[in-house]
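Q: This is the structure, below, for whatever I ask next.
The values are calculated or read from the model by the stated rules, or taken from the named source; none is laboratory data. This one's a predicted model, so the numbers in the text were calculated from it and none came from an experiment. All Cβ positions, even for glycine, are placed from backbone atoms using ideal geometry, and neighbour counts span all protein chains on display. For the accessible areas, the whole protein counts, side chains as well, though only heavy atoms, and no ligand, DNA or RNA atoms are used. Shrake-Rupley method; radii C 1.70, N 1.55, O 1.52, S 1.80 Å.
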Amino acid sequence: MTSWIDDPAGGGRGDRAGLARAWVEALGRPRRLFANGVSPGDQAPALTFAVAVAGAFTLGWVVADPTAVPGIVVSVPVSALVAFLVVVALAAPVGLHLTAAVATVSVILANVEVRDGLSLRDRGGVSETVQVVAYASSPMALAGPPVPALRIACGAYAAALLLIGFRVVHGTSWPRTLVAGIPPALLGYGVGYRVIASARTLFA
């Protein structure tokens with residue numbers, strides 16, 4: 001691996017090959033990615049990664065179901081392009097930071113200790129939390145087609161990656177990891193990527 005994983009502070013982070021390597025690593029060897037690819041104060045690669053995942057999700061959805069594109073203009077291809085650009089430029093960054101904000105609060109709550117008063121365990125910082133949320137979303141790149149079972153499977157995988165990432169980066173026990181991970185997983189993957197809606201469709 002090159003800079004994106006082994007040396008996240010290095011150069012060449014924005015290339016497509018680096019994105020692909022990070023995506024494969026997140027899916028296949030997540031502990032290695034979270035241990036080597038997450039560093040304090042370096043959110044730019046993770047943001048790029050999250051935007052790429054959201055773009056792949058949107059593209060897969062549009063290709064599989066063109067009727068899902070809102071009628072922004074008369075031309076369906078142009079409407080699809082506009083919707084894609086809105087997701088990449090606005091929805092994905094906002095969604096990542098909103099999910100990361102919830103994750104930050106839940107991580108803090110999960111690390112509260114009551115020993116002669118309230119205190120917090122040593123843990124990773126906010127930047128590391130943002131990066132874990134971003135990289136854990138990797139399975140959602142495959143969840144674009146509106147197939148409920150597919151989206152549920154990808155969402156479950158993403159949630160599992162999020163828990164692994166929090167355990168690696170924040171050094172939490174499994175009970176603390178569950179407290180920290182469930183709220184952002186429900187918001188980011190369940191709501192943002194429509195996994196909860198897919199579950200309702202499948203089990204209605």
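Q: For Gly28, work out the one condition from (1) surrounded by 12 or more Cβ atoms within 10 Å (Cβ to Cβ); (2) modelled with pLDDT of 90 or more it doesn't fulfil.
A: Unmet condition: (1).
Q: Of all residues in segment 32-49, how many are open to solvent by less than 10 Å² (accessible area, probe 1.4 Å) and aliphatic (A, V, I, L, M)? Spell out the reasoning first.
A: In the first step, residues of segment 32-49 are kept if they are open to solvent by less than 10 Å² (accessible area, probe 1.4 Å); the result is 33-34, 37, 45-46, 49.
Retained after the next criterion (residues that are aliphatic (A, V, I, L, M)): 33, 46.
The number of residues fulfilling the criteria is 2.
Q: Quick one: Val114 ticks every box in (1) open to solvent by 10 Å² or more (accessible area, probe 1.4 Å); (2) modelled with pLDDT of 95 or more; (3) aliphatic (A, V, I, L, M) except a single one, so which number is it?
A: Just one mismatch for Val114, condition (2).
Q: Here's a follow-up. Among the residues that make up segment 175-193, is at least one of them outside any helix (DSSP H, G or I) and under 25 Å from Ala20 (Cα atoms)?
A: As a first pass, look at segment 175-193 and keep what is outside any helix (DSSP H, G or I): 192-193.
Those left that are additionally under 25 Å from Ala20 (Cα atoms): 192-193.
Looking for residues that are outside any helix (DSSP H, G or I) and under 25 Å from Ala20 (Cα atoms), one finds at least one in segment 175-193, hence yes.
Q: Go through segment 46-150 and tell me which helices (runs of 4 or more DSSP H), entirely inside it, have 3 or more residues that are out of contact with any strand residue (DSSP E or B) (no Cβ under 7 Å at 6 or more places or on another chain) and of a type in the set (Ser, Thr, Tyr). Even if it seems obvious, please write down each step before you answer.
A: On the way: elements: 76-86, 92-110, 126-136.
So the answer is 92-110, 126-136.
Q: What's the number of the only condition in (1) in contact (Cβ under 8 Å) with a residue 40 or more places away in the chain; (2) within 24 Å of Ala52 (Cβ to Cβ); (3) open to solvent by 10 Å² or more (accessible area, probe 1.4 Å) that Ile182 fails to meet?
A: (2)
Q: Can you find, within segment 79-92, the residue that is nearest to the chain's Cα centre (by Cα) among those that are touching a residue at least 24 places away in the same chain (Cβ under 8 Å) and open to solvent by less than 30 Å² (accessible area, probe 1.4 Å)?
A: Residues of segment 79-92 touching a residue at least 24 places away in the same chain (Cβ under 8 Å): 83-84, 87-88, 91-92.
If we keep only those that are open to solvent by less than 30 Å² (accessible area, probe 1.4 Å) too, we end up with 83, 92.
Values: Ala83: 20, Ala92: 10 Å.
Going through the qualifying residues, I end up with Ala92.
Q: Restricted to segment 131-153, and to residues that are open to solvent by 10 Å² or more (accessible area, probe 1.4 Å) and among the hydrophobic types (A, V, I, L, M, F, W, C), which residue is nearest to the chain's Cα centre (by Cα)?
A: Once the filter is applied, the top-ranked residue is Ala141.
Q: Can you spot a residue in segment 114-122 that is touching a residue at least 12 places away in the same chain (Cβ under 8 Å) and closer than 27 Å to Gly55 by Cα?
A: no
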